[in-house]
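Asks: The structure that follows is given in the form of structure tokens.
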Amino acid sequence: AQIEAAEAAVEALNDKQRDKLPNLTVLEEAQTEYETVLEEQAVTEACVQEAENAIDAIGSVTLDSGDAIRAARAAYDAVPEEAREQVTNRETLSAAEQTFDALAINAIGDVTLDSGEAIRAARELYDGFSGAIQSQVANRDVLVRDEEQFSALRVQHVNDLITDIGEVTLSSEDR
């Protein structure tokens, strides 16, 4: 309002009067600064809207939601920190991350020697989340238990292979 009032007052002056204004550059700088602030606000609003749209695009969380959740997280992280509270559905993103991680852990199922990839994937997913999200994953203890079981199974499997070697002779065909 002050800039607009000053602009209108300057416009009402003739050229001779304008030339006598010692602080006209102050008005010009204020106009430039105000335009910059408006541009930054527009960019921030666009970032907030993009984050909200990406979070809405997650939908119901399934094991296939990983890409949508990562895209939503990237969009949210692109919002300037001071504007993140403007993202009205930010809690939905946190809930989706927690649910997705829990689903990945549950997908491990019964631990067998074939569970290694599922366990590694669940661990990478879990480790990729912030500490705040990790602390809210209800079944994180299941992941640790499954990792321990898998490690024990692998050790037992190798031990069994070694035990099965039996007596070694020159006529042994299996090496």
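The values are calculated or read from the model by the stated rules, or taken from the named source; none is laboratory data. Since the structure is predicted, the reported quantities are computational estimates derived from the model, not experimental observations. Heads up, the Cβs are rebuilt from the backbone with ideal geometry, glycines too, and the neighbour counts pull from every protein chain shown. SASA here: full protein model, heavy atoms, side chains in, ligands and nucleic acids out. Shrake-Rupley method; radii C 1.70, N 1.55, O 1.52, S 1.80 Å.
Asks: Based on the Cα coordinates of the chain, what is the per residue volume of their convex hull in Å³?
Replies: Here the figure is 199 Å³ per residue.
Asks: Here's another thing I want to ask about it. Run the simple label-point estimate for Gln149 and Ala74 please: 7 Å along Cα→C-beta, distance reported in nm.
Replies: 3.5
Asks: Excluding Ser60 itself, what net charge comes from residues whose Cβ is under 15 Å from its Cβ, given Lys and Arg +1 and Asp and Glu -1?
Replies: Charge balance near Ser60 sits at -4.
Asks: Follow-up question, since we're still on this one. Select from Ala75, Ala102, Ala152 the residue whose mean-square fluctuation is largest in a Gaussian network model of the chain (Cα-Cα springs shorter than 10 Å).
Replies: Comparing Ala75, Ala102, Ala152 in the GNM, the peak value goes to Ala152.
Asks: Sticking with this one: Taking every pair of Cα atoms in segment 8-64, average 1/r, invert it to obtain the Kirkwood radius, and report Rg/Rh to two decimals.
Replies: Across segment 8-64, the Cα-based Rg/Rh ratio is 1.47.
Asks: Using only Cα atoms, find the angle between the long axis of helix 116-128 and the longest principal axis of the chain, and express it within 0 to 90 degrees, rounded to the nearest 10.
Replies: 30
Asks: Counting only protein heavy atoms and a 1.4 Å probe, tell me what percentage of the chain's accessible area is made up of carbon and sulfur.
Replies: 50
Asks: Rounded to the nearest Å, what's the spacing between the alpha carbon centres of segment 96-171 and segment 1-38? Just the number, please.
Replies: 68
Asks: Turning to a different aspect of this structure: Take the Cα atoms of segment 73-170, find their three principal axes, and give me the spread along each one in whole Å, biggest first.
Replies: 75, 23, 16
Asks: What's the extension gain from Gln156 to Ser135 if we count 0.36 nm per residue and subtract their Cα-Cα distance?
Replies: 4.4 nm
Asks: So if a site counts as exposed when it's one of the GluC sites (Glu not before Pro), its DSSP state isn't H, G, I, E or B, and it has at most 14 other Cβ atoms within 10 Å, what's the longest stretch of the chain without one?
Replies: 1-166
Asks: What does the net charge come to around Thr88 if you take all other residues with beta carbon closer than 15 Å to its beta carbon, with K and R at +1 and D and E at -1?
Replies: -4
Asks: At 222 nm, what value in deg cm²/dmol follows for the chain if DSSP H runs of at least 4 each add -39500 (n - 2.57) and the sum is divided by all its residues, to the nearest 500?
Replies: -22000 deg cm²/dmol
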